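Please treat every number below as a calculation from the coordinates, not as lab data. What you are looking at is a predicted structure, and each value in this text was computed from that prediction instead of being measured. When we count neighbours, we look across all protein chains shown, and the Cβ atoms used for this are built from the backbone with ideal geometry, even at glycine.
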Amino acid sequence: MVCLGNICRSPLAEGILAAKAKGLGWEIESAGTSGFHSGEKPDKRSIRIAKENGIDISQQRSKQFRAWDFEVYDIIYVMDSSNYQDVIKHAQSDEERAKVKLIMNELEPGININVPDPYYGEFGFENIFTMLDQACNVIVANA
Ligand code: 4NP
């Protein structure tokens with residue numbers, strides 16, 4: 001799960017999918033395309049909305065996406081088109097490029113809906129949670 005800062009959207013996506021995929025043996029992690037917040041906990045607002053939904057993401061720490069993540073992970077979900085551009089730059093083959101997917105395309109294939117950046121507060125964290133929850137339901141249902 002990849003966003004820009006790895007403190008708002010992708011920590012929520014990681015926590016939500018991990019909760020739904022319990023027992024499936026998946027390795028689920030998140031990262032940011034930037035290292036602006038490396039080592040930091042998720043944003044308080046993400047921690048709060050997760051907690052309200054029974055998910056604890058407070059132990060996560062922000063880290064930056066690295067090219068070698070392509071070797072470790074089968075699928076790399078990005079939150080928006082800007083994340084997509086930043087991640088795809090690191091891909092070294094068509095196989096790696098095919099691993100990168102906009103997460104909301106799981107729910108609405110081919111429509112390329114972005115999960116909006118909630119950092120400056122215009123798009124509520126509750127809405128972010130709902131979008132990611134719906135997308136993760138589809139990810140697990142299709143597993
Ligand atoms: P995120 O949100 O990409 O969902 O973690 C952001 C967090 C921090 C910044 C931007 C987006 N920032 O510019 O510091």
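Which value in deg cm²/dmol, rounded to the nearest 500, describes the helix-derived mean residue ellipticity at 222 nm for the chain, given -39,500 (n - 2.57) per DSSP H run of n ≥ 4 and division by the residue count?
Value at 222 nm, helices only, nearest 500: -10500 deg cm²/dmol.
So what's the convex hull volume per residue for the Cα atoms of the stretch 29-143, in Å³?
118
Roughly how many debye, to the nearest 20, is the charge dipole of the chain about its Cα centre, given +1 on each Lys and Arg Cβ, -1 on each Asp and Glu Cβ, and no other charges?
It works out to roughly 380 debye.
Whole-Hz ³J(HN,Hα) for each residue in the stretch 71-85, computed from phi via Karplus 6.51 cos²θ - 1.76 cosθ + 1.60 with θ = phi - 60°, x for glycine and proline: what do you get?
7, 8, 10, 7, 9, 10, 8, 10, 8, 8, 5, 5, 4, 4, 4
So which lysines pass the test for Lys89, namely a Cα distance under 26 Å, with those fewer than 8 places away in the same chain ruled out?
Once the sequence-local lysines are set aside, what remains near Lys89 is Lys63, Lys99, Lys101.
Which far-off residues, 5 or more places away or on another chain, put their amide H under 5 Å from the one on Gln64, with H placed in the peptide plane?
Close amide H contacts, sequence-distant or interchain: Gly32.
Counting other beta carbons within 10 Å of each Cβ, put Asp56, Asp69, Asp80 in order, fewest first.
In increasing order of surrounding Cβ atoms, one gets Asp56, Asp69, Asp80.
Pop the C-beta distance of Lys22 and Gln59 into the FRET formula with R0 = 22 Å and round what comes out to the nearest 0.05.
0.85
Of Glu40, Glu96, Glu71, which is the most mobile in a GNM of the chain whose springs link Cα atoms less than 10 angstrom apart?
Glu71
Radius of gyration and Dmax for the stretch 1-61's Cα atoms, expressed in Å?
In Å, with Rg to one decimal and Dmax whole: 11.0, 33.
When the Cα centres of the stretch 82-110 and the stretch 1-62 are compared, how far apart do they sit, in Å?
19
Order of Arg9, Arg66 from fewest to most other C-beta atoms within 10 Å?
The fewest-first ordering by Cβ neighbours comes to Arg66, Arg9.
List the residues, sorted by chain then number, that are 5 or more residues from Val100 or on another chain and whose placed amide H is less than 5 Å from its amide H.
It is Ile76, by chain and number.
Compute the length gained on full extension between Ala67 and Ser34: take 0.36 nm times their separation in residues and subtract their Cα-Cα distance, giving the result in nm to one decimal.
Answer, rounded to one decimal: 10.6 nm.
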